[in-house]
1. Want the number for Val172 to Glu33: 0.36 nm per residue separation, take away the alpha-carbon distance, what's left?
2. What net charge is computed for the residues neighbouring Leu15, neighbours being all others with C-beta under 9 Å from the C-beta of Leu15, Lys and Arg scored +1, Asp and Glu -1?
3. Hey, rough spin-label estimate for Ser43 and Thr163, points 7 angstrom out along Cα→Cβ, what's it come to in nanometres?
4. Can you give me the relative contact order of segment 37-174 as a percent, contacts being Cα pairs under 8 Å and 6 or more apart?
5. Of Tyr85, Tyr79, Tyr166, which has the most accessible area and how do the rest follow, probe 1.4 Å?
6. Could I have the simple spin-label model distance between Asn134 and Asp113, label points 7 Å from Cα toward Cβ, reported in nm to one decimal?
7. Quick one: Cα centre-to-centre distance for segment 119-174 and segment 58-87, in angstrom?
8. In square angstrom, rounded to the nearest 10, how much accessible surface does Ser86 have for a 1.4 Å probe?
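The values are calculated or read from the model by the stated rules, or taken from the named source; none is laboratory data. Small disclaimer: the values here were computed from a predicted structure and weren't measured. Glycine gets a Cβ as well: all are built from the backbone with ideal geometry, and neighbour counts include every protein chain shown. Side chains included, ligands, DNA and RNA excluded: accessible areas come from the protein's heavy atoms. Shrake-Rupley method; radii C 1.70, N 1.55, O 1.52, S 1.80 Å.
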Amino acid sequence: PPSSRQGFSRSSLDLAAYFAANGYVDTGALLPEPNRFNFAGNSWTVELWFRPGMDLEGNLFSYESYDGHSFKLALENGYPVGGIYSGGIDGTAIVKVGGEVASGLLMPLLPNDEWTHLALVWDPANSSMRLYVNGVSMIAQQMSTPATVNIGAGEAHLGKGLTDGYLDEFRVWR
């Protein structure tokens, strides 16, 4: 991907190499200091660059809360998807955007072996979530019945369930 910092040396996370060395495909790479993702009821943005390999199913980033709602930015059959869930990241979707067919719109299938920028934005003031692909807002989903979302303490992972691909410039904004 294009670097956001001049003179920055590229060192993407090669998921296949990382998991071959560490053996954590099922859990992904556990991120340190997970409380930085404890957003409570505040707005946030998660963004990253991803270059898919052959595996097109798994979580690019996931935050599994022990005592609140969880959220993730993931791939489902090669299509980007994001959401907030109760009962863990595989629980009931409170709000979800993206996927192969999202609200009647066709999402772009991520091109194999090509860098794509993805961003997932939660706006609690409007009870809405947006998914951006290469800077373009692809879809927005507003909750029909606004609910209180509480992202509590938990664990954060990169690449959970993916066996290959590359991640780079992962960032979180509050």
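1. Full-extension gain reported as 48.7 nm.
2. My count for the surroundings of Leu15 gives -3.
3. The two pseudo-label positions are separated by 4.1 nm.
4. Relative contact order comes out at 39 percent.
5. Tyr166, Tyr79, Tyr85
6. According to this spin-label approximation, the distance is 1.8 nm.
7. Going from one Cα centre to the other spans 8 Å.
8. In the full protein context, Ser86 sits at about 40 Å².
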